[in-house]
Amino acid sequence: MANSSKISIVVVSGTLERLQMAAMMASVGAVSGNEVTVFLSMNALGHFRRGASAPAAEGAFGKLLVEKKAPGFKQLFQSAAELGDAKIHPCSMAVDVLGVQAADLEPWLGGPMGLTKFLSDAHGGQVWSF
Amino acid sequence: MAERTIIDARGSFCPGPLMELIARLKFGAVGDEFEVLSTDKGSASDIPEWIHKVGHELLDSREEAGVWHIALRKTK
């Protein structure tokens with residue numbers, strides 16, 4: 001597809017606003033013909049457990065997102081994967097530290113990915129971090 | 001004239017209307033027409049931009065009483 005590129009997104013924050021913005025970029029990027037890879041680590045990963053509680057807002061805008069019923073960040077990430085073929089991977093280090101199994105995580109996530117592989121995939125493309 | 005599928009995304013914020021459109025487009029056939037209804041101003045400019053980038057045919061984009069109507073034909 002014309003104008004397509006590679007977009008790599010690192011998500012480490014567990015706040016609602018950052019998860020939301022990362023999900024928006026992943027979903028719109030993926031459905032616009034870009035090859036999107038998302039790497040979930042640190043405080044972000046726990047929010048991708050099945051049945052995890054909603055993340056806390058960082059500021060006033062996060063509260064507005066909830067009030068105005070903006071599309072949920074998980075729903076957007078799932079759309080990125082299902083409609084745009086985005087690859088969404090938990091960081092293998094974060095999986096180990098958190099002590100989670102694949103079955104504990106959302107089913108639309110890929111398997112744990114190491115940083116070496118992520119960095120090598122990200123080479124030459126856009127990299128965004130949240 | 002081709003039958004037009006209406007996607008009522010009123011009340012949803014960006015990128016909700018775009019995602020709803022794409023989810024429906026996926027199951028449509030080439031030549032099918034779709035019309036998104038959105039109250040989100042950002043989506044009103046972003047959806048035509050997406051249609052242009054991906055290469056579908058934008059048929060109409062207009063506002064009526066605070067609701068944007070964006071119509072397109074699936075081309076691939």
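The values are calculated or read from the model by the stated rules, or taken from the named source; none is laboratory data. A quick note: this is a predicted structure, and the numbers were derived from the prediction, not measured. No Cβ is skipped: glycine too gets one built from the backbone with ideal geometry, and neighbour counts run over all protein chains shown. We work out accessible area using only protein heavy atoms, side chains counted, and drop any ligands, DNA or RNA first. Shrake-Rupley method; radii C 1.70, N 1.55, O 1.52, S 1.80 Å.
Computed over chain A, relative contact order equals 37 percent, with contacts defined as Cα pairs under 8 Å that lie 6+ residues apart. Once Rh is set to the Kirkwood radius over Cα pairs, what Stokes-Einstein translational diffusion coefficient, in µm²/s, holds for region A:1-68 at a temperature of 25 °C and a viscosity of 0.890 mPa s? Estimated via Stokes-Einstein, D reaches 189 µm²/s.
Considering only A:22, A:103, A:56, the Gaussian network model of chain A with Cα springs below 10 Å gives its largest mean-square fluctuation to A:103. Take each residue in B:8-15, count the other chain C-beta atoms within 10 Å of its C-beta, and the mean is 4. Determine the shape class of chain B: with a ≥ b ≥ c the square roots of the Cα gyration tensor eigenvalues, call it rounded for a/c under 1.5, and otherwise prolate if a/b is greater than b/c, oblate otherwise. Because a/c hits 1.5 or more and a/b exceeds b/c, chain B counts as prolate.
Taken one residue at a time, the phi angles of region A:106-115 give Karplus couplings (6.51, -1.76, 1.60, θ = phi - 60°) of 3, x, 8, 7, x, x, x, 10, x, 5 Hz. Gly and Pro are set to x.
Bridge orientation summary for chain A: considering DSSP beta bridges with both residues in this region, about 5 percent are antiparallel. Would region A:38-85 count as rounded, prolate or oblate if I go by the C-alpha gyration tensor, calling it rounded below 1.5 in a/c and otherwise prolate when a/b exceeds b/c, oblate otherwise? Oblate, because a/c is 1.5 or more while a/b does not exceed b/c.
Within the accessible area of region B:1-61, the carbon and sulfur atoms contribute 52%, probe 1.4 Å, all protein chains present. In this rough spin-label picture, where each label sits 7 Å from Cα along the Cβ direction, the residue B:6-residue A:60 distance is 3.8 nm.
From its DSSP helices (H runs of at least four residues, each -39,500 (n - 2.57)), the protein assembly as shown gives a residue-normalised ellipticity at 222 nm of -11000 deg cm²/dmol. Here the Karplus curve 6.51 cos²θ - 1.76 cosθ + 1.60, taken at θ = phi - 60°, turns the phi angles of region A:75-81 into couplings of 4, 5, 5, 5, 4, 4, 6 Hz, with x standing for Gly and Pro. With contacts taken as Cα pairs under 8 Å at a separation of at least 6 residues, chain B carries a relative contact order of 33 percent. Label separation (residue A:49 vs residue A:116): 3.0 nm, computed from points 7 Å beyond Cα along the C-beta direction. Take the accessible area of B alone and of A alone, subtract that of the pair with a 1.4 Å probe, and the total buried over both chains is about 1200 Å².
For the peptides A:27-37, B:49-59, the ranking by mean Cβ contacts within 10 Å, running from highest to lowest, is A:27-37, B:49-59. In a reduced charge model with +1 at each Lys and Arg Cβ and -1 at each Asp and Glu Cβ, the protein assembly as shown shows a dipole moment near 300 debye about its Cα centre.
Gyration tensor analysis over the Cα atoms of region B:35-76 returns equivalent ellipsoid semi-axes of 18, 10, 6 Å (largest first, whole Å). For chain A, modelled as a GNM whose springs connect Cα atoms under 10 angstrom apart, the maximal fluctuation among A:99, A:110, A:84 occurs at A:99.
Normalised by 2.2 N^0.38 Å, where N is the number of residues, the alpha-carbon radius of gyration of region A:1-126 equals 1.02.
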